[in-house]
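Here is the structure we will look at, set down as structure tokens.
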């Protein structure tokens, strides 16, 4: 699997981060193989918390008119079902992006008859959309060095900015007391990445928290 991923992403993958993308792909491919197209298959505990994150991320979007949306780390495309149920009246041109062959294959099978949804293998978007979201892709660092993981985050934020016309939204796990920390999870304060985005992209950066999870959502809007 790792060799295949590296081959398919050759030419577009930042070579310095190839080991990060390959590790992410292997981890989530194993998850979906074990649990299928379910919240557990993308490493969430349940549908309720998975969709609570969608609520926060989609505060980015204006549903009063049709728009295009890139979904980074789309998994099996759970966001499509949520959009169909909660925002049926708004046409969304959806593109899911994932580094896992297994995830993209499951997504294409699940949504093969859905109009307005497509999926690509990769770590960067091949198109510019109005908005982009990324749910949970910065959490599971596993054995990656913090420096490498933060380079991966910064590279992803750059791509999110460059391939959106109006803005993007991502989420992060909050820092925890020492007794509550878990090895392999990336946590951060609520200010650092917001400041990074506001400065680097000359954009507004809103932090949303207090929705019952030990995390926060960062919404970055272009000026």
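Bear in mind that the values in this text are calculations on the coordinates, not laboratory data. Please read these numbers as outputs of a predicted model, since none were measured by experiment. Here Cβ is always computed from backbone atoms with ideal geometry, including for glycine, and neighbour counts include all displayed protein chains.
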So what is the calculated 222 nm ellipticity per residue for the chain, using -39500 (n - 2.57) for each DSSP H run with n of 4 or more, over all residues, to the nearest 500 deg cm²/dmol? -11500 deg cm²/dmol
When the chain is treated as a GNM, springs tying every alpha-carbon pair under 10 Å, which of 48, 30, 102 comes out with the largest mean-square fluctuation? 48
Percent relative contact order of the stretch 2-222, based on C-alpha pairs within less than 8 angstrom and at least six residues apart? 18 percent
Residue order, fewest to most surrounding Cβ atoms within 10 angstrom, among 110, 222: 222, 110
By counting other Cβ atoms within 10 Å of each Cβ, how are 186, 28, 211 ranked from fewest to most? 211, 186, 28
What FRET efficiency comes out for the pair residue 64/residue 185, r = Cβ-Cβ distance, R0 = 45 Å, nearest 0.05? 0.75
Cα-projected label distance for residue 166 with residue 18, points at 7 Å along beta-carbon direction, nm: 3.8 nm
Fewest first, what order do 213, 218 take by the number of other Cβ atoms within 10 Å? 213, 218
Quick check: pseudo-label points 7 Å beyond the Cα along Cα→Cβ at residue 223 and residue 118, how many nm apart are they? 3.4 nm
The equivalent-ellipsoid semi-axes of the chain, taken as the square roots of five times the Cα gyration tensor eigenvalues and listed largest first in whole Å, are 23, 22, 18
